[in-house]
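One structure is given below, encoded as structure tokens.
Nothing in this text is a laboratory measurement; each read-out follows from the coordinates by a stated rule. Predicted, not measured: the structure shown is a model, and the values here were computed from it. Note that each Cβ is placed from the backbone with ideal geometry, even for glycine, and that neighbours are counted across all protein chains shown.
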Amino acid sequence: MSAGTAKLNVTVAEVKPINDLVTRFKFVRTGGGDLPTFSGGAHTVVEMQDGDITRLNAYSLMSDPADRGAYMISVRRDDEGRGGSKFMHSQVKEGMEMVISNPVNLFSLDLRAKKHLMLAGGIGITPFIAQMHQLSMMGGQFELHYSVRNASLGTYAEDLEAKYPGKVNIYHDDQGEAIDLSTLLATQPLGTHVYVCGPKGMIEWVHGTSEDMGWPREAVHSEEFLAPASGKPFEVKCAVSNKVVQVGEHQSLLEALEAAGIDAPYLCRGGACGQCETNVIGYDGKFLHYDHWLTDEQKAGGKHIMPCVSRFEGKTLVLDR
Amino acid sequence: MSKTVFPPSIKSRPVYGELEARAGSGHLMIADAEGAEAILDLAKSADAAFWAKAHIIYIPKDTGRKYSSQLEELGAGQYYAGPSYEAAQSRIRRALLDCHMGTQVYLTGTESLMGQAMAEATAAGIPHTAIQTEHRGSTARRMQCVHCKGITEDVTTDPFECSHCGLSLFVRDHYSRRLAAFQGVRVDAEDPGNIPEKVELFK
């Protein structure tokens, strides 16, 4: 179960294709009433009943945090993925009842900042849309730099330019446009915080460049949800529950634990938050750590694993669950 | 005088490190008295390009001209020496206003100097954990009287008399980052007139 996240029963109020890859979903509370408030940058975990498989995917909330009538998420279809986004695109229809988690924010604005510099890549735009709603309501200073593949895949780019004139800068890959990161970072007034959400390479680029330029680590924020990697099936012994669990090729360790009825904590399901950290009692083999949570030392130590994204190859793995 | 080692204390008591030259678009160095030695030590590992981007604001206090010429010779882009923190304050504020993210701030010398400059730098938007500090020189404290709120500088004894209201105050390790001062509490509040003898704790 997810720590402190009660479930919300919602009904799909709208399914709106935005472009070739992205579809927007609007949820209202089933039976009416307000949804809980959230802050810009929060995500919700959507439960999908896909045949025998329960899929749980985290999506950033992109609606106005002040609007408690509905939540909106945007889902980019990933044909190479494990099927969550394909399920959302092909199976979810208006009027369908679904279960989502309470909002959790692992990418919140630092409200001590005097200015918020936002860097988005592709579908990484979604948390910023909620944050810009929040900041414009509070009179906060912000600036968005949004990198898209081309104009037709520039999800919400035109809307945002119209809504926040002078604050939104769009860069089209196909026209050779790119964010001039070093100039951008060199010219920010003191008190600026930078936020990045996008592909892994973009996040590493921003962290690396800002560190080289002397930016304080505390002023650089990022969010990247990892999809659990597929890999060879493996077996895990759970010492506390006294169960032996098989982890399938396209299943994460966390999903396998849940399917076996073991109460495993989680929040982000994407290797970022640290909630699912599990102690390793014994192992004979090799860990495949994919998370952003454990330090390199911990990863090498063989005492901890993040079951939401990481895997194992070898003879035996015994976990404290 | 080398850097000071303070005994372990409560969480609110600031701790200081050792200055090191870091990558940055500029280097704002604020020091008083023996703090000059920390800058001169750092100079052993910094090149001319570093100093070209540096701005040193130095308050010699009672060290007079002892370090001035050595600091001037470092070749900092800007060098200022002033008679007091209060005199330098407007320059510190202006320097913080003009610099950009990526500027490194180095504070060294007395706790009073570091605390006040830290308050300016954090108000300007630099996270306090990103500001380097190194204690050098006097351990005399900047104290706030919790009764009259007046500040007494350079306190060396415990108890001491508040320079504003005259009460005898007990020197606590309880520190305020906002005020850049330790807290002084009336020592004879329970038993008026029973004031312990002064002990020189700080030099």
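Overview of values
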{"quantity": "Proximal aspartates and glutamates relative to A:Lys200, as straight alpha-carbon distance under 16 Å, when same-chain residues fewer than 8 apart are discounted", "calculated": "A:Asp78, A:Glu223, A:Glu224, A:Asp291"}
{"quantity": "Share, in percent, of DSSP beta bridges within the protein assembly as shown that are antiparallel, nearest 5", "calculated": "55 percent"}
{"quantity": "Cα→Cβ-extended label distance, 7 Å offset, between A:Asn102 and B:Leu97, nm", "calculated": "4.6 nm"}
{"quantity": "Fraction of the pair-distance distribution of segment A:203-296 above 20 Å, Cα-Cα pairs, percent", "calculated": "47 percent"}
{"quantity": "Normalised alpha carbon radius of gyration of segment A:15-129 [divisor 2.2 N^0.38 Å]", "calculated": "1.09"}
{"quantity": "Highest-first arrangement of B:15-22, B:144-151, where packing means the average Cβ count within 10 Å", "calculated": "B:144-151, B:15-22"}
{"quantity": "Selected from A:Phe38, A:Phe287, A:Phe225 as most flexible by GNM, with chain A as the system and alpha-carbon contacts under 10 Å", "calculated": "A:Phe287"}
{"quantity": "Convex hull of Cα atoms in segment B:96-166, direction-averaged projection (nm²)", "calculated": "5.8 nm²"}
{"quantity": "Debye, to nearest 20: dipole size of chain B, +1 on Lys, Arg Cβ, -1 on Asp, Glu Cβ", "calculated": "520 debye"}
{"quantity": "All aspartates and glutamates inside 13 Å of A:Lys315 as judged from Cα atoms, apart from same-chain residues fewer than 8 positions distant", "calculated": "A:Glu235, A:Asp284"}
{"quantity": "Distance (nanometres) between label positions extended 7 Å along Cα→Cβ at B:Glu18 and B:Ser163", "calculated": "3.4 nm"}
{"quantity": "Global form of segment A:79-219, assessed from the alpha-carbon gyration tensor, a/c cut-off 1.5", "calculated": "prolate"}
{"quantity": "Segment B:48-203: proportion of alpha-carbon pairs further apart than 26 angstrom, %", "calculated": "35 percent"}
{"quantity": "Cβ neighbours within 10 Å from other chains - mean over A:208-215", "calculated": "4"}
{"quantity": "Extended-chain gain in nm, criterion 0.36 nm per residue less alpha-carbon gap, A:Ile18 and A:Lys303", "calculated": "98.1 nm"}
{"quantity": "Under Karplus coefficients 6.51, -1.76 and 1.60, residue-wise ³J(HN,Hα) of segment A:21-33 in Hz, glycine/proline x", "calculated": "10, 10, 10, 9, 10, 10, 10, 10, 5, 5, x, x, x"}
{"quantity": "Estimated FRET transfer efficiency (A:His250, B:Val185; beta-carbon r; R0 60 Å; 0.05)", "calculated": "0.40"}
{"quantity": "Helix-derived mean residue ellipticity, 222 nm - over chain A, DSSP H n ≥ 4, -39500 (n - 2.57), to 500", "calculated": "-5000 deg cm²/dmol"}
{"quantity": "D_trans [Stokes-Einstein, Kirkwood Rh over alpha-carbon pairs] for segment B:35-108, 20 °C, 1.002 mPa s, µm² s⁻¹", "calculated": "165 µm²/s"}
{"quantity": "Percent of C-alpha pairs per 10 Å bin, segment A:259-311, short to long", "calculated": "26, 56, 18, 0"}
{"quantity": "Nearest-20 debye value, the protein assembly as shown charge dipole, Cβ charges on Lys, Arg, Asp, Glu", "calculated": "460 debye"}
{"quantity": "Cα-based helix-to-principal-axis angle, A:126-138 vs chain A, degrees rounded to 10", "calculated": "50 degrees"}
{"quantity": "Distance-filtered residues of segment A:7-37 - backbone nitrogen under 20 Å, label point 7 angstrom along A:Ser90 Cα→Cβ", "calculated": "A:15-25"}
{"quantity": "When segment A:183-226 is reduced to its Cα atoms, the Kirkwood hydrodynamic radius in Å", "calculated": "10.8 Å"}
{"quantity": "Hypothetical label at A:Asp212: residues of segment B:1-36 whose amide nitrogen lies under 20 Å (7 Å Cα-Cβ projection)", "calculated": "B:21-27"}
{"quantity": "Set A:Lys16/A:Lys86; A:Lys7/A:Lys167; A:Lys86/A:Lys232; A:Lys243/A:Lys303; A:Lys114/B:Lys11 screened for pairs whose C-alpha atoms are more than 26 Å apart", "calculated": "A:Lys7/A:Lys167; A:Lys114/B:Lys11"}
{"quantity": "Estimated distance in nm for a label pair at B:Asn194 and A:Thr11, the labels positioned 7 Å out from Cα along Cα-to-Cβ", "calculated": "7.4 nm"}
{"quantity": "Between 0 and 90°, nearest 10: helix B:85-98 axis offset from chain B longest Cα axis", "calculated": "50 degrees"}
{"quantity": "Surface/4 estimate of mean projected area, convex hull on alpha-carbon atoms of the protein assembly as shown, nm²", "calculated": "31.3 nm²"}
{"quantity": "Nearest-0.05 FRET efficiency for A:Arg112 and B:Phe6, computed from C-beta distance (R0 30 Å)", "calculated": "0.60"}
